[in-house]
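A.B. asks: Below is the structure I would like to discuss, written out as structure tokens.
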Amino acid sequence: MTWALDAGKVIGLVGSPGFGLTRLGLSLLRGQPGWVACVDVRGWLSPMALWEMGVATERVVVVRCADPQRWPQVTAALVEGMQAVYAEMPRGVAPSKMRRLGALARARSTSMVLHPLEGEMPAGITHLQLEAQEVVWEGAEQGRGRLRERRFTLAVSGKGVGGVRHL
């Protein structure tokens, strides 16, 4: 199943590190018209990662902001001026600030992907939430061999699917 970013809709990505949620979030930016922005909390996101996911890097802005006090203002400024935003969320952002950010994205018709690096998404923000459940690596048994595939299971919930589905 594939998802597309709709104008003014917020998708939430929830799960532990190692599931590939960053890769999934960046892939959602592929094919977006206009300028897109990425808010990098960990300081490692590069245009090369976006290019590998098929995102037109000539229309991408990467902003680094790990400060939970400044993050809402930085992300809101990007929502105001971009067509799509992928934003990692640092620890400590108040749920009320997250709700305001979701409302701003809807009001400005900006597509948004929020990826909290820890914890859950506050209720009432996302149109669609993708929660990583399980990851399976195939091909490297007992530390040897060639890695052939990584698959992960997602629980999908929110208004965008009309309930909860496991994929």
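The values are calculated or read from the model by the stated rules, or taken from the named source; none is laboratory data. Remember, predicted model here, so these are calculated numbers, not experimental data. Glycine gets a Cβ as well: all are built from the backbone with ideal geometry, and neighbour counts include every protein chain shown. Accessible surface is based on the protein model in full, side chains and every heavy atom, while ligands, DNA and RNA are left aside. Shrake-Rupley method; radii C 1.70, N 1.55, O 1.52, S 1.80 Å.
A.B. asks: When the chain is treated as a GNM, springs tying every alpha-carbon pair under 10 Å, which of GLY102, GLY25, GLY143 comes out with the largest mean-square fluctuation?
C.D. replies: Result: GLY143 has the largest fluctuation of those listed.
A.B. asks: Rounded, prolate or oblate, given the Cα gyration tensor of region 1-112, with a/c below 1.5 counting as rounded?
C.D. replies: Numbers: a/c = 1.39, a/b = 1.16, b/c = 1.19.
It is rounded, given that a/c, with a ≥ b ≥ c, falls under 1.5.
A.B. asks: I'd like the carbon and sulfur percentage of the solvent accessible area for the chain, probe radius 1.4 Å, heavy atoms only, ligands and nucleic acids excluded.
C.D. replies: Numbers: 4450 of 8870 Å².
Using a 1.4 Å probe with all protein chains present, the chain comes out at 50 percent carbon and sulfur.
A.B. asks: Can you work out the PRE-style zone for LYS159? Point 7 Å along Cα to Cβ, and I want the residues of region 77-107 with backbone N under 12 Å.
C.D. replies: Label zone hits: 103, 106-107.
A.B. asks: Would you mind computing, in nm to one decimal, how far apart the modelled labels at GLU80 and SER96 are, each placed 7 Å from Cα along Cα→Cβ?
C.D. replies: Simple spin-label model gives 2.1 nm for this pair.
A.B. asks: Here is a further query. For the charge dipole of the chain, defined by +1 on Lys and Arg C-beta atoms and -1 on Asp and Glu C-beta atoms about the Cα centroid, which residue among ALA94, ALA105, THR75 has the Cα displaced farthest towards the positive pole?
C.D. replies: Projecting each Cα onto the dipole axis, the largest value belongs to ALA105.
A.B. asks: Compute the signed sum of charges (Lys and Arg +1, Asp and Glu -1) over the other residues within less than 14 Å, Cβ to Cβ, of PHE152.
C.D. replies: Cβ neighbours under 14 Å give a net charge of -1.
A.B. asks: With a sphere of radius 13 Å drawn around the Cβ of VAL79, what net charge do the other residues whose Cβ falls strictly inside it have (Lys, Arg +1; Asp, Glu -1)?
C.D. replies: +4
A.B. asks: Would you mind working out the magnitude of the charge dipole of the chain relative to its Cα centre, with +1 at each Lys and Arg C-beta and -1 at each Asp and Glu C-beta, to the nearest 20 Debye?
C.D. replies: Charge dipole, the chain, about its Cα centre: 220 debye, nearest 20.
A.B. asks: So, one more: Starting from the Cα of VAL136, step 7 Å along the direction of its Cβ; do the same at ARG150; then give the gap between the two resulting points in nm.
C.D. replies: 1.6 nm
A.B. asks: In nm, give the distance between the simple-model label positions of VAL63 and ALA123, each being 7 Å from the Cα along the Cα-to-Cβ direction.
C.D. replies: Inter-label distance under the simple model: 3.0 nm.
A.B. asks: Taking only Cα atoms and a 10 Å spring cutoff, compute GNM fluctuations for the chain and point out the largest among GLN32, GLN142, GLN73.
C.D. replies: GLN142
A.B. asks: How big is the antiparallel share of DSSP beta bridges in region 1-120, given as a percent to the nearest 5?
C.D. replies: Antiparallel bridges make up about 0 percent of those DSSP assigns within region 1-120.
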